[in-house]
Protein chains: 4
Amino acid sequence: MTLITRYKTIRNHSEKICEPLQTEDYVVQPVADVSPPKWHLGHTTWFFETMILKPFLTAYQVFDPNYNYVFNSYYESVGARVIRTDRGNLSRPTVADVYKYRAYVDEAMENFLCEEPTAEVKEILVLGLNHEQQHQELLWYDIKYILGHNPLFPAYAVENIEKNLTSENQAWLKVTAGLYEIGHQKDDFCFDNELDVHKVYLNNFEISTALVSNKEFLAFMNDGAYQDFKYWHAEAWDWVKTEGIASPMYWHYIDGEWFRYSLSGLKPIDLAEPVIHISYYEAAAFAAWKGMRLPTEFEWEIAAQKFNWGKLWEWTESAYLPYPGFSKAPGALGEYNGKFMVNQKVLRGASIATSPKHQRITYRNFFHPQLRWHYNGIRLAK
Amino acid sequence: MTLITRYKTIRNHSEKICEPLQTEDYVVQPVADVSPPKWHLGHTTWFFETMILKPFLTAYQVFDPNYNYVFNSYYESVGARVIRTDRGNLSRPTVADVYKYRAYVDEAMENFLCEEPTAEVKEILVLGLNHEQQHQELLWYDIKYILGHNPLFPAYAVENIEKNLTSENQAWLKVTAGLYEIGHQKDDFCFDNELDVHKVYLNNFEISTALVSNKEFLAFMNDGAYQDFKYWHAEAWDWVKTEGIASPMYWHYIDGEWFRYSLSGLKPIDLAEPVIHISYYEAAAFAAWKGMRLPTEFEWEIAAQKFNWGKLWEWTESAYLPYPGFSKAPGALGEYNGKFMVNQKVLRGASIATSPKHQRITYRNFFHPQLRWHYNGIRLAK
Amino acid sequence: MTLITRYKTIRNHSEKICEPLQTEDYVVQPVADVSPPKWHLGHTTWFFETMILKPFLTAYQVFDPNYNYVFNSYYESVGARVIRTDRGNLSRPTVADVYKYRAYVDEAMENFLCEEPTAEVKEILVLGLNHEQQHQELLWYDIKYILGHNPLFPAYAVENIEKNLTSENQAWLKVTAGLYEIGHQKDDFCFDNELDVHKVYLNNFEISTALVSNKEFLAFMNDGAYQDFKYWHAEAWDWVKTEGIASPMYWHYIDGEWFRYSLSGLKPIDLAEPVIHISYYEAAAFAAWKGMRLPTEFEWEIAAQKFNWGKLWEWTESAYLPYPGFSKAPGALGEYNGKFMVNQKVLRGASIATSPKHQRITYRNFFHPQLRWHYNGIRLAK
Amino acid sequence: MTLITRYKTIRNHSEKICEPLQTEDYVVQPVADVSPPKWHLGHTTWFFETMILKPFLTAYQVFDPNYNYVFNSYYESVGARVIRTDRGNLSRPTVADVYKYRAYVDEAMENFLCEEPTAEVKEILVLGLNHEQQHQELLWYDIKYILGHNPLFPAYAVENIEKNLTSENQAWLKVTAGLYEIGHQKDDFCFDNELDVHKVYLNNFEISTALVSNKEFLAFMNDGAYQDFKYWHAEAWDWVKTEGIASPMYWHYIDGEWFRYSLSGLKPIDLAEPVIHISYYEAAAFAAWKGMRLPTEFEWEIAAQKFNWGKLWEWTESAYLPYPGFSKAPGALGEYNGKFMVNQKVLRGASIATSPKHQRITYRNFFHPQLRWHYNGIRLAK
């Protein structure tokens, strides 16, 4: 696929995801972690404008100089005229304006890419496309949050993207102790956090070939585990009590039955499906209740060569830390991953919302341990 | 004017106010006190549906039973299925849905009003119309807040509704001590808080015939009064320091000059205009700096018979308290005013956004002392 | 009584109040409104040192220049060396240090007062003594809070100062409409907020000769009034729900019986005693439940000439506002009362903890409406 | 040393640490992480009473049944009579009461230990003594915080325990890549978090033989690194801005010179000493500014066999996670370490406040990354 074609395909896909939305759905930010869809559409565009068009295309005129305030994810106060705003408070630029902004930048980018770009530009471009694919996954999460926390429980679409999830045919895969190689070894794109390739020694371990099901998780709930501190980390227990957590996100108990909100609406729980939308805290508490544990990201990377994965991100016990030899790129691009390497947990795998190109066995996703609005699940180890 | 005509006129006016808005402007809630315009449009409709159509029109089918959660201003949790939400987090019902809801209720109301309603219904109807007129005024404030706190400073309209404001021809009106009658004495509608008519003894006082101008307020600012605790109430001083207050709301200092955001956009300060968008705290501090004071609401009511007022709400020194003989109506309508009679200050007059029917000399508006997003100003007394 | 004798008597009384305390009781600040007893002892001393000795006694050496940071009630950051602290975080100066500070300042004051002071000094001295008497009353409140919120419920003393409280012989006193004079008319000391004397017109009203009893308040509780929003101001209802309020402060339900903490320990409720330690919100809700109201401070001042009062502060409906002609003294002394005249409610009467000299019919006490750790009660009007 | 002698020695040492304190110093809790010294003295006593005397000594009478509320570190509400309190709000039990409690429990323990205890009791006893030694270290930190955040800057003692700290003779120690064994291998006591012994593969690395000095850290400060986001983790940058951090804890800039508070009072910075009282965030930012990194805990454990360490805890890059094979003991003792294994960073080494018995190369200390009131420093790796 040529770079232009790839650029167009990925850019179109972001708009495709938003197609079923009403204008109002693009605007709101119900909690700090959930950005308005129009912000994602603008921010990914701002990335190409700021990182490629402005520095490398001499004659380029920015679409609107004020957009830098609005779509820069690290924007800091620059003078008395600028007003502190949260993303969800901004009714302007409108959704139509954002789409005009996308069209304007896309046209400039496509012209610019008619000539083969330099290696430097190419590297930034590939990063920008991967960046947009990550925001596509966030778009799914944020859209689900916005619709699923509305008391009318509107469906995103009739067809459910959360399909073909199964936790059946559980077995234990044994892996023998030894020195293993971890990290991305191929020539194609990977993020800086997947490098350097390095050796890790693993003890003997067993890992489940299937994810934990709703049926198993309901047993945990019915056993009173959400009310018993002994299964929980100290911070997790505070979280459970302060937030009043007693079930996975999107679950509702209505007239004696458990339902969950999916992108196609409110549906009764399917016991055979894997449990989704739980925090690391809940995953770890479930494992403790079972007398087992979560795998480390290294165990996962080695074992996953021998079982099916994908469709859900899987919490690991590993903290998100630099690999030996990790170093940040200089400048703004260097901010991409390294600065998040504290207080977060690694998830491995890939979700139904993940771009196919990101579904690789060395990919390191990361979230704070209390978060659960992304597509995730539990795989046990022992 | 017949009741039907009056109903239609007032209902149309709410939609007229929103005409220049983009869909996105209807949705956001930048701070707790500012409601999304679509919420105002829905809530005032819910009032007629809930207070008149449901109890008095036997065959009435509610538009959507879930709207009770969304548009009830006092909504409390009713079961596990209901989700705590803030108004600004709700993308649904959409703006189009809300306009359909209005049309549906208006049609039912207009049919219902073809026959002369009972006295009971009539009383609720008149209250509902006054209620909608109060929300029309809030619509102006909230729209201004939403647009005026956007870093793009979009104009609401080319023509400025904030016009013909003047603070010229200042003089001191003397009022002689004596017993005066306070409260609404006519037969037409008034709110319960304007009753009973009662006697108040006033000392000799003088009151200004003009409001404090931007020029005078700039002198206060330039004298460092925002930085000198001696002019401020103790709570006001906390507020000034905690919030970093150093000018009226909507003022911006750009390249050595003061601008303010009006509904027609960002404009240089007009020194001859009255200062607007200040809190009671700032009004009282200005008066202290001048060695004067604010009038009480009783002084205002007596003196205002002899000077021009209207176009701005004027802060008074009076706390919002019940008049002698005040009593709450039974049921939901009784909640209208009495329950707010603590920790608020009375404003008298009327603003450019006030419905003409509400512009009466006995009308008691009330806001918490730190609020300033409504149209208000300062009149001095001594 | 000579000034010196009066000075000594009042200063000794503060220390007398603290006599039964353990050293540890002097130190803690369980909530922001409750100051450590050692702070009261130091702050009242600092007042005389700062307002009299430093400006008027040329050769005076301050006891410790750092004490200005610690005992100034309005202390603001003055340079990089100063650390933000809350009063309850300060273990030093120790209690023994504070008593040394008192002895040092008292000796200097007593020497200074051997000669008749100027009128200016005298006025400050009288204010300082009244200031210390107000802090004596706060000392009682704060000591009770510190001991009464300790899970060991230690008694302050065997003998109960909360005695001889009665709410018996209730009757309705009628007062005829007319013009009345309000404010302090005698020559002796009063606070600036009791002036000017001015006329107020009162309608006919009736006022209870007794305070509301625990028996009556239990009926309110047993009727579910704490759970029914219709008796409460909107802000009160938020407070009840957020804070989980369901009884007066210091009440505990133990094995089916109501107890309350008094300064002599935990005791069963005495039904004949007046209810104490309730907020304005609860007083107003109780009155609403009874279909009555609280008196205004003006009604109280006129009616109290004909019934017994004292032993408890009585919530009134009046907001704390300046009387006509009120003006602040220049300088620091002018900060005494005026700057608190917003968002507070007036209480009239006097409590068992009030200095006898402060028990006058024109005295205006004031607290925020949600506070209830002071000795207060409810008198109804209609 | 016999068990009784060891018990007495350790128990006496806690009281020895507190000897220079004034009664008031035992009571306050300036921030949530800092407990009042009297609470440490009571809580460590409660441990022996609750874990040994109550279950294993049949005739034992508890000193005071209410102390369970006060000294249980995990105390949860048990009935209407219990009041939520923070440790620093409790003036009772008094310091004298706490010493009586210690004497009472010590006497019972010493009698109980006259006979050789069972293996089960012995294990709990050894844990209890190690627990008390950990609280001894916390006592030092908390006492320093309480005195060092008092505007009078009182000294704990004339002699400075923070002595003989040096960061001189810096060199780079090279360690060769390979498989290494990690964890406690001897027979004597260790905490459960130091087990199981397991293999870790390390790449080639270099580690400094000396800690970072005040001189080096001042260069970091003078280079503006506290104001440049590029050296900081994203959460660290928020912390720096929100808390206004611009130097290590206890540093004060007075008249153009940097001072720091030590337990012997406020002193000018000694440039040759290692920097202390910095957070992980600051340690990591310093390393980034140097173009280096912090060692992992595994690198540290291997390399520390060849350099001098002790006197300060050293931040590592490692998150606090379970070793392979880690399992929690059943019951309350199992809560000891495992439940803290999220969102914390490992520190290795030992501080001047650490009990000699805890100074072992496999000891894993852990703190949240923003904390800095403990004795800690920076060792670089590359």
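The values are calculated or read from the model by the stated rules, or taken from the named source; none is laboratory data. Please read these numbers as outputs of a predicted model, since none were measured by experiment. Methodologically, a virtual Cβ is constructed for each residue, glycine included, from the backbone with ideal geometry; neighbour enumeration extends over all protein chains shown. These area figures cover heavy atoms from the full protein model, side chains too; ligands, DNA and RNA do not enter into them. Shrake-Rupley method; radii C 1.70, N 1.55, O 1.52, S 1.80 Å.
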In square angstrom and rounded to 100, what buried accessible area do you get between chains C and D, total over both, with the probe at 1.4 Å? 3300
Peptide-level mean, for B:337-347, of C-beta atoms on other protein chains within 10 Å: 5
Quick check on region B:223-382: take the gyration tensor over C-alpha atoms, sort the square-rooted eigenvalues as a ≥ b ≥ c, and tell me if it's rounded (a/c under 1.5), prolate or oblate. prolate
Sort the protein assembly as shown into rounded, prolate or oblate with this rule: let a ≥ b ≥ c be the square roots of the eigenvalues of the Cα gyration tensor; rounded if a/c is under 1.5, and if a/c is not under 1.5, prolate when a/b is larger than b/c, oblate otherwise. oblate
Note every residue of region C:198-214 with a reduction of at least 30 square angstrom in accessible area, all protein chains present versus the isolated chain, computed with a 1.4 Å probe, or write none. C:K199, C:Y201, C:N203
To the nearest Å², the heavy-atom accessible area per residue of the protein assembly as shown with 1.4 Å probe amounts to 41
Hey, if you drop one equal point scatterer on each alpha-carbon of region B:3-154 and run the Debye formula without solvent, what base-10 log of I(q)/I(0) do you get at q = 0.12, 0.13, 0.20 Å⁻¹? -0.52, -0.61, -1.31
Helix C:95-112: angle to the longest alpha-carbon principal axis of chain C, degrees 0 to 90, nearest 10? 70
Between the modelled labels at B:K306 and B:N203 (7 Å from Cα along Cα→Cβ) the distance in nm is 1.9
Nearest-to-axis residue of chain B, judged by Cβ, for the B-to-C rotation, with distance in whole Å? B:A319, 2
A chain fully extended from C:N164 to C:I254 at 0.36 nm per residue, minus the present Cα-Cα distance, gains in nm 29.9 nm
Per residue of B:90-98, what is the mean number of Cβ atoms on other protein chains within 10 angstrom of that residue's Cβ? 6
With one decimal in nm and the nearest listed first, the spacings from D:K267 to its own position in the other copies, using label points 7 Å along Cα-to-Cβ, are 5.7, 6.7, 6.9
Run the label-point distances for D:D196 please: 7 Å along Cα to Cβ, every other copy, nanometres, shortest first. 3.0, 8.7, 9.1
Relative contact order of chain C (C-alpha contacts under 8 Å, at least 6 apart) in percent is 17
How far apart, in nanometres, would the label points at C:Q61 and B:N66 be if each is projected 7 angstrom from Cα along the Cα-to-Cβ direction? 7.9
Descending packing, highest mean Cβ count within 10 Å first, for B:227-235, B:340-348, D:36-44 is D:36-44, B:340-348, B:227-235
What is the Cα centroid distance between region C:128-197 and region D:335-372, reported in whole angstrom? 54
Would you mind counting up the charge near D:P93? Only other residues with Cβ under 10 Å from its Cβ, with Lys and Arg at +1 and Asp and Glu at -1. 0
For region A:89-212: rounded, prolate or oblate by the Cα gyration tensor [a/c cutoff 1.5]: oblate
Going down the list A:K174/A:K199; B:K38/C:K345; A:K328/D:K328; A:K267/D:K339, which pairs span over 30 Å between their C-alpha atoms? B:K38/C:K345; A:K328/D:K328; A:K267/D:K339
Using the per-residue mean of other Cβ atoms lying within 10 Å as a proxy for protection, in what order, highest first, do the peptides A:172-182, D:92-102 fall? D:92-102, A:172-182
Between A:D228 and B:A219, what is the label-point separation in nm under the 7 Å Cα-to-beta-carbon projection? 7.6
Residues in region D:298-323 that, when all protein chains are in place, have 40 Å² or more less accessible area than the chain alone would give (probe 1.4 Å): D:E317, D:L321
Placing the label point 7 Å from Cα along the Cα-to-Cβ direction, what are the distances from D:G244 to the equivalent spots in the other copies, shortest first, in nm to one decimal? 1.3, 3.4, 3.6
Residue by residue through A:185-194, how many Cβ atoms from other chains fall within 10 Å of the Cβ on average? 0
Scattering from the C-alpha atoms of chain B alone, worked out with Debye: what is log10 I(q)/I(0) at q = 0.12 1/Å? -1.02
For chain A, find the longest principal axis of its Cα atoms and tell me its angle to the long axis of helix A:3-18, 0 to 90°, nearest 10. 60
Highest average packing first - B:185-192, D:303-310, Cβ atoms within 10 Å: D:303-310, B:185-192
State the percentage of accessible surface on the protein assembly as shown attributable to carbon and sulfur atoms; use a 1.4 Å probe and exclude ligands, DNA and RNA. 51
